[in-house]
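Everything below concerns the one structure shown next.
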Protein chains: 2
Amino acid sequence: MCEASAYLIQDGKEELILENVDELHKEGEMIKIINLFGDQRVLKAHIKMISFVDNKIVLEKGR
Amino acid sequence: MCEASAYLIQDGKEELILENVDELHKEGEMIKIINLFGDQRVLKAHIKMISFVDNKIVLEKGR
């Protein structure tokens with residue numbers, strides 16, 4: 001098992017929005033991220049990058 | 001470290017396109033995936049889902 005931390009770029013900086021992320025789904029214009037504990041975040045964002053080495057998801061607002 | 005396998009949905013089926021994926025980057029309309037060995041694939045696709053539990057990336061053609 002390997003969870004990731006999800007960051008959202010806000011004002012040019014990466015802000016941590018959810019830890020221990022297990023799953024990410026694209027749902028239309030929205031991105032849903034779900035963590036180990038069942039916590040969910042749904043954002044109008046797109047994926048900028050994902051690193052499986054650093055266990056990191058970087059999202060950006062808009063599409 | 002945890003690598004993922006990347007699949008592309010073709011004709012409704014998931015086709016394995018790259019194993020041991022370490023990184024994914026969005027570059028305009030393109031998705032670039034890079035694996036442990038430095039192999040790269042660049043596709044005009046979008047991310048449908050990512051599972052950190054199953055170490056799986058699912059891409060779909062188009063945006």
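Since every read-out is calculated from the coordinates, none of them should be taken as a lab result. As the structure is a prediction and not an experimental result, all values here were calculated from the model. Quick reminder, even Gly has a Cβ in these numbers, built from the backbone with ideal geometry, and neighbours come from all protein chains shown.
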Discussion item. Give me the strands (runs of 3 or more DSSP E) completely within chain A, filtered to those with at least 3 residues that are crowded, with 17+ Cβ neighbours inside 10 Å, ordered by residue number.
Written reply: A:4-10, A:13-27, A:30-35, A:45-51, A:56-61
Item to complete: Kindly establish whether A:E60 is within 12 Å of chain B (Cβ to nearest Cβ) and charged (D, E, K, R).
Response: yes
Discussion item. Considering only residues that are among the hydrophobic types (A, V, I, L, M, F, W, C), more than 8 Å from the chain's Cα centre (by Cα) and facing chain A (nearest Cβ under 10 Å), which ones fall in the stretch B:1-30?
Written reply: B:M1, B:C2, B:A4
Practice prompt. Out of A:K48, A:K26, report the one residue that is under 16 Å from B:L24 (Cα atoms) and in contact (Cβ under 8 Å) with a residue 24 or more places away in the chain.
Written response: A:K48
Response to the item:
Only unsatisfied item for B:I47, checking (1) more than 9 Å from chain A (Cβ to nearest Cβ); (2) touching a strand residue (DSSP E or B) at 6+ places or on another chain (Cβ under 7 Å), is (1)
